[in-house]
1. For the range 48-174, what is the relative contact order in percent, using Cα pairs closer than 8 Å and at least 6 residues apart in sequence?
2. Counting helices only, and only those DSSP H runs with n ≥ 4, report the 222 nm mean residue ellipticity of the chain as the sum of -39,500 (n - 2.57) divided by its residues, in deg cm²/dmol to the nearest 500.
3. With +1 on each Lys and Arg Cβ and -1 on each Asp and Glu Cβ, and nothing else charged, work out how big the dipole of the chain is about its Cα centre, in Debye to the nearest 20.
4. Can you give the three extents of the C-alpha atoms in the range 1-64 along their principal axes, from longest to shortest, in whole Å?
5. If packing is taken as the average count of other Cβ atoms within 10 Å, what order do 34-40, 55-61, 228-234 fall into, highest mean first?
6. Over all alpha-carbon pairs in the range 77-199, figure out the percentage whose distance exceeds 20 Å.
7. Calculate how many DSSP beta bridges within the chain are antiparallel, expressed in % of all such bridges and rounded to the nearest 5.
8. I'd like the distance between the alpha-carbon centres of the range 8-63 and the range 224-282, rounded to an integer number of Å.
Amino acid sequence: MSGASAELSGRVMVITGASSGLGRAAAIELSTRGATVAVVGRNAERTRAVAERVGGFPFTADFDSLAEVRTLAEELLASYPRIDVLANNAGGLVGTRGLSADGHERTFQHNHLAPFLLTNLLLDRLAESAGRVISTASGANMFSRLDLDDLDWKRRAYAGGWLPYGTSKLETIMFIRELAQRTAGSGVDAYSFHPGFVATGFGADSALLKFGQFISRGSLGISPEQGAAPLIHLAAERGIVSPSGTYFDGLKPDGRERKQASDGALCRELWEKSARMVGLPD
């Protein structure tokens, strides 16, 4: 193996939401650089196709079920004696409020609770490799209303899913920030990033996005390859200058975020409440 194909040789990277969009683009590029990629997706056929493309292995899991997240973690731990990168990229926007198999509002579970659980279940393996956790957040965190007493959106306006989506991305930033605090000195580092608005199947049931795609003749958003650039950089770069816990806007550190994201006590409370919800110790 030589040149670019040897750059990441020996490194194992788990990418969720890798069956399409920016996750797929990142899996292809990172595998080209020599990484072994565990391709995680909800759709078995698409996940298998990407895994074949990158020479990796497919893992199918639906984040609507925390039991499937636990099974996914068991399969990954059984398959890889080391994990260097966990990229929490799966998730999306649900336009109409509904409940997951576990009784939680679906956007909250898909975008926050499921990756929170998966990360914790893989954390010891990541620590053994001085690994890295990367989570896909969003500039939509600026349109958020975090309420620890209503994480499942039982009492607040759903707003076509946009408020729960933005809030889940704020929770992503806060989760990574608290993870950085809890793993300080362990060798693990953690980052979140905003990829930009990527032209994928994101928010496929959102009337607002459907209208935007109509008036733009399908040209709304950047390409998956452009959106994947921050994920690829954060996964491949061995020495990130910015401190663990940093939120990136594209490739630029310290992206715009809600004031709540820098509230250390609130980050801890969110972690503790999330841990109780998924059956982990605080």
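1. With pairs under 8 Å counted, the relative contact order is 29 percent.
2. Rounded to the nearest 500, it is -12500 deg cm²/dmol.
3. Dipole size: approximately 540 debye.
4. 40, 17, 15
5. Answer by packing, highest mean first, reads 34-40, 228-234, 55-61.
6. In whole percent, the long-distance tail amounts to 44.
7. 10
8. So the two Cα centres are separated by 21 Å.
Coordinate-derived values only; no laboratory data. If you're wondering where the values come from, they're calculated on a predicted model, not measured in any experiment. Cβ coordinates were reconstructed from backbone atoms using ideal geometry, including for glycine residues, and neighbour counts include every protein chain displayed.
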